[in-house]
Amino acid sequence: MTDERNVLGGPLEECSTDPMTGFFRDGCCATGPEDLGSHTICAFVTQEFLEHQRSIGNDLMTAMPQYSFPGLVPGDRWCVTARNWLRAFHDGAAAPVVLASTNEKVLDLVPLDALKEHAVDVPDDLGGLD
């Protein structure tokens, strides 16, 4: 799939294939120079997050087939952009995060502590996360 790493230091795990997510629509939050939005955070989207995104001009609920975008509903897992997730975090509307499926490249923009605060897959041993 990819040789990229997650924020835990392990191999980047799949985020979702139903719906098919990722900048490259490969189910993974892989990134590259062409991914200007940094679609690197694997999030469980909530209604609050979706509404927040719509309020800032990022409508994730409306399908856009021309971009292979199905439109999201609460509970979907999706590779969201680092900047928009961070904005939601600052606004108190951050979506839960799957750390094992979140690309380490996000750490250039989002502090690990913010991601851990919203993690839904926290490992038993947090020693390596500091």
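The values are calculated or read from the model by the stated rules, or taken from the named source; none is laboratory data. Just so we're clear, the structure is a prediction, and the values are computed from it rather than from any experiment. Backbone-built Cβ (ideal geometry, glycine too); neighbour counts: all protein chains shown. Calculation scope for accessible area: heavy atoms of the full protein, side chains included, ligands and nucleic acids excluded. Shrake-Rupley method; radii C 1.70, N 1.55, O 1.52, S 1.80 Å.
Here the 3J(HN,Hα) profile of the range 78-83, calculated from phi with Karplus coefficients 6.51, -1.76 and 1.60 at θ = phi - 60°, is 8, 7, 9, 6, 4, 5 Hz, Gly and Pro shown as x.
Remark on F69: its backbone amide H falls under 5 Å from those of M64, a criterion applied only to residues 5 or more positions apart or on other chains, H modelled at 1.01 Å from N. Under 15 Å from the Cβ of R87, count the other residues' Cβ atoms, weight Lys and Arg +1, Asp and Glu -1, and hand me the total. Net local charge, R87 excluded: -2. Rolling a 1.4 Å probe over the heavy atoms of the protein chains gives the chain an accessible area of 51 Å² per residue. The Cβ shell under 12 Å around Q47 holds other residues with a net charge of -2, Lys and Arg each +1, Asp and Glu each -1. The mean sequence distance of close C-alpha pairs (under 8 Å, at least 6 residues apart), as a share of the length of the chain, puts its relative contact order at 31 percent.
This model, with +1 at the C-beta of Lys and Arg and -1 at the C-beta of Asp and Glu, gives the chain a dipole about its Cα centre of some 400 debye. Our helix-only sum for the chain, with -39,500 (n - 2.57) per DSSP H run of n ≥ 4 divided by its residues, gives a mean residue ellipticity at 222 nm of -5000 deg cm²/dmol. Only protein atoms count toward the accessible area here, which uses a 1.4 Å probe; on the range 30-70, the carbon and sulfur part of that area reaches 57 percent.
Applying a 4.7 Å cutoff between beta carbons, the unpaired cysteines of the chain are C28.
Once the Cα-Cα distance is subtracted from the 0.36 nm per residue extended length, the R54 to D18 segment shows a gain of 10.8 nm. Dipole size of the range 28-93 about its Cα centre, with +1 on Lys/Arg Cβ and -1 on Asp/Glu Cβ: approximately 60 debye, rounded to the nearest 20.
Computed over the chain with a Gaussian network model linking Cα atoms closer than 10 Å, the most mobile of R83, R54, R25 is R54.
Specify which labelled value, from [x] 6.9; [y] 7.5; [z] 8.2, agrees with mean projected area of the Cα convex hull in nm² derived from the coordinates of the model shown. Evaluating mean projected area of the Cα convex hull in nm² on these atoms matches [y].
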